[in-house]
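Comments concern the structure below.
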Amino acid sequence: MYFWGKLFAVILGLIALVVAGFLVSLFLNILSLLTVQMWLVGFTSTFTQHWFFQFLGVLLAAFFVFLALLLFRFLLYRADRTVLYHTSEGDIKISYNSIRSLAKEALRDTSDLLSMEAEVEKAGNSARLLLHLGVRSHISVSEFSPMVQQKVREKIKHHTGITLKDVKLVIDLQSEEYPAESPESTEITQEKESH
């Protein structure tokens, strides 16, 4: 983003200098309006004489439109998908992808876990983690949930230094015979606030 911001500033600066030079030339009669008119007529007539030059003119216009859109794209706001961790040596940014990967790694050896999706969202200076878990229907949710939350918190704290604001669980109890379509599947949300 920093590079594109500088490039955009350079291009705007060059355009401003060209326009300023053109205006000064007109106002000081260095360049007459008749000369400018002749240049414009000559330039446009070059691109209207033959279909090949017309095609080149359209390509040139398309290039400038593409360049403008490309530059404007980098000026649009992008949500910061990182969490800032302060250390005595300086600040470290941890990406949402890293937090998701660590959460999945923390639960990799959990035998009763059938599926998992992780979402991260900003919560002040920390992050909030939402885990969608598909688990075997025989597990006890009241025992399983705190164990999952503790594993995930410890893993992320150990590897990144970040203490999660909270870990929310959406648990889907799934039958082993019909993991995706079990009629007794229920959705339970567990939330544990950090102290």
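Each reported figure results from applying straightforward, stated rules to the coordinates on display, with no laboratory input. Given the structure is predicted, the values throughout are model-derived calculations rather than measurements. Note: ideal-geometry Cβ built from the backbone for every residue, glycine included; neighbour counts use all protein chains shown.
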Whole-Å distance linking the alpha carbon centroid of the stretch 11-41 with that of the stretch 123-166 is 64 Å
XL table Lys122/Lys151; Lys104/Lys165; Lys6/Lys157; Cα-Cα > 27 Å flagged, in table order, is Lys6/Lys157
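Shape call for the stretch 2-73 from the C-alpha gyration tensor, a ≥ b ≥ c root eigenvalues: rounded (a/c under 1.5), prolate (a/b greater than b/c) or oblate? Working shown, then result.
Details: a/c = 4.80, a/b = 1.12, b/c = 4.27.
Verdict is oblate for the stretch 2-73.
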If R0 = 45 Å, then Ser95 and Ile139, at their Cβ-Cβ distance, give a FRET efficiency to the nearest 0.05 of 0.90
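Mind ranking 137-149, 8-20 by how tightly packed they are, going by the mean number of other C-beta atoms within 10 angstrom, highest first?
On the way: 137-149: 14.8, 8-20: 10.7.
Taking the mean over residues of other Cβ atoms within 10 Å, the ranking is 137-149, 8-20.
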Each label sits 7 Å from Cα toward the beta-carbon; between Leu69 and Gln54 the label points are separated, in nm, by 2.3 nm
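Roughly speaking, what is the stretch gain from Ala61 to Leu34, that is 0.36 nm per residue apart minus the C-alpha to C-alpha distance, in nm to one decimal? Each step should come with its number before you reach the end.
Numbers: separation 27, 0.36 × 27 = 9.72 nm, distance 2.51 nm.
Taking 0.36 nm per residue and subtracting the Cα distance, the gain is 7.2 nm.
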